[in-house]
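First up is the structure itself, then whatever we jot down about it.
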Amino acid sequence: MADAELAAWAEARAADGVPLPEPYAEDQHEAVTVEVDGVDVGGAVLAFGDEPDGRRCSVRVLQTTLPRDDTEVWTAVAGALGEHARARGATSLTTAVAPALTGAFGRAGFQATMIAGAGPLDRDNAPDLQVDRTVAVRPMDLEERRRFAVEAREVMVSGMELAGVVDPASRRLDELDARLARLAEDSAPEGELLLTATVADEPVGSAWATLVPRVDGLDYFGHTMFLYAEHRGRGLSKSFLGALVRNAEHLGVTDIHARVYGRDEWARQQFLRTTDGVEDVHVRKDLS
């Protein structure tokens, strides 16, 4: 993209309150123009970074005037982005797209790796989650928070790696590490919800979310929930999720935001039953 064109685009986005992103410290950004049949239809910001297993490219911004239902054109755009990244030495390409575009990106060889969804909390949407109340939840104590700060990183990074979202050796995990470290301090940061799942008062799992107040209630941003290794395979996941829903309702949560990995079909289906829909889908294409 020409410098003048990039400056005008950046100025327009800033005026709309959605400025172009700043590069990560270790990444190189490149702005490109998206053309269809020689006509300028938008632009994209690509971020390139080296990982232990190859050179990663991620589409941080993709803004076009193309209608989302034009699958053929969007498939071509997705393919062109992949070829552009490959020509610059990238071995993988990742981005987040609207649900309506997943078909087009799928036709271009991308696979869904993670789903971000949001919707109002509604226990009546999934009444069967409240049938088995074997699992209960309570706030973590200090010792549990310290254990969680260590175990959660392993669980979360493992999921990210399998989803192709981030390499475990990437410095882009510094922010996650800093947040987890704060959770282990004597006083947990305000707004962080840290819960221990129990069965007959025995700890069996953990959950972490951030609560953000708004005028009419609370937004719940879920980060992770997991059972301890020795308690997996006991059929507790659905009961655990039901306990989290009850707790969220008790706290006055109005909307739930969470991400589930595309490979986890059970988690995806359960999440979509307790919220209204998908915000975006993270997709990845192997270019090697």
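The values are calculated or read from the model by the stated rules, or taken from the named source; none is laboratory data. For clarity, every value in this text was computed on a predicted model and none was experimentally measured. Heads up: the accessible areas ignore ligands, DNA and RNA and are worked out on the full protein's heavy atoms, side chains in. Shrake-Rupley method; radii C 1.70, N 1.55, O 1.52, S 1.80 Å.
The C-alpha atoms of the chain define a longest principal axis, and helix 3-15 lies at about 40 degrees to it. Rounded to the nearest 10 degrees, the inclination of helix 237-251 to the longest alpha-carbon principal axis of the chain is 90 degrees.
Oblate is the label for the range 5-73, because a/c, from the alpha-carbon gyration tensor with a ≥ b ≥ c as root eigenvalues, is 1.5 or above and a/b does not exceed b/c. Dividing the Cα radius of gyration of the range 41-125 by its Kirkwood radius returns 1.05 for Rg/Rh.
Accessible surface area normalised per residue over the chain is 51 Å², counting heavy atoms of protein chains with a 1.4 Å rolling probe. Within the accessible surface of the chain, defined with a 1.4 Å probe on protein heavy atoms only, the carbon and sulfur portion equals 49 percent.
The angle between the Cα long axis of helix 71-87 and the main principal axis of the chain comes to about 80°, on a 0 to 90 degree scale. How high is the relative contact order of the chain, given as a whole-number percent (alpha carbon pairs under 8 Å, six or more residues apart)? Value for the chain: 25 percent.
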